[in-house]
């Protein structure tokens with residue numbers, strides 16, 4: 001009986017202090033996650049006009065690669081100019097004038113941290129944070145003794161959360 005009580009208290013202590021330690025990281029991921037939901041819009045983004053000298057007579061695919069614009073589509077074209085959603089390209093001189101949008105510096109850095117992959121050293125933070133969140137999930141079941149009413153109600157909420165997740169994934 002003493003061993004269960006010790007495990008119970010130990011999990012609560014780890015849960016509490018890891019929660020305090022990760023409060024800032026959790027806030028950062030929450031903010032960047034919300035901003036990333038709107039990444040296909042211009043919400044919070046600043047527009048900047050860019051002029052770039054490219055090779056003349058590029059086709060649409062090569063122009064898109066050179067300007068780093070995904071799925072670039074030429075909307076209108078004549079013998080000298082090609083017009084696309086973000087701007088235009090002079091086929092004879094190779095001059096492209098277009099508009100780019102970007103987040104303010106701090107939000108851009110937060111979203112880059114959020115999207116870090118294995119080619120960036122920041123991915124260690126993402127892995128640590130993911131493992132920590134998994135620990136929070138598991139340790140939350142030690143917050144209250146299993147025989148209490150609040151624990152049973154917590155299991156109902158856990159089931160409801162799992163059910164909602166499954167509905168959102170498959171509907």
key: Hits in the stretch 82-119 - residues which are surrounded by 12 or more Cβ atoms within 10 Å (Cβ to Cβ) and within 12 Å of residue 32 (Cβ to Cβ)   = 103, 107, 108, 109, 110, 111, 112, 113, 114, 115, 116
key: strands (runs of 3 or more DSSP E) enclosed by the stretch 23-112 - at least 3 residues per element that are farther than 30 Å from residue 136 by Cβ and touching a helix residue (DSSP H, G or I) at 6+ places or on another chain (Cβ under 7 Å)   = 95-102
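Since every read-out is calculated from the coordinates, none of them should be taken as a lab result. Computed from a predicted structure; not experimentally measured. Glycine also receives a Cβ, built like all others from the backbone with ideal geometry; neighbour counts cover every protein chain displayed.
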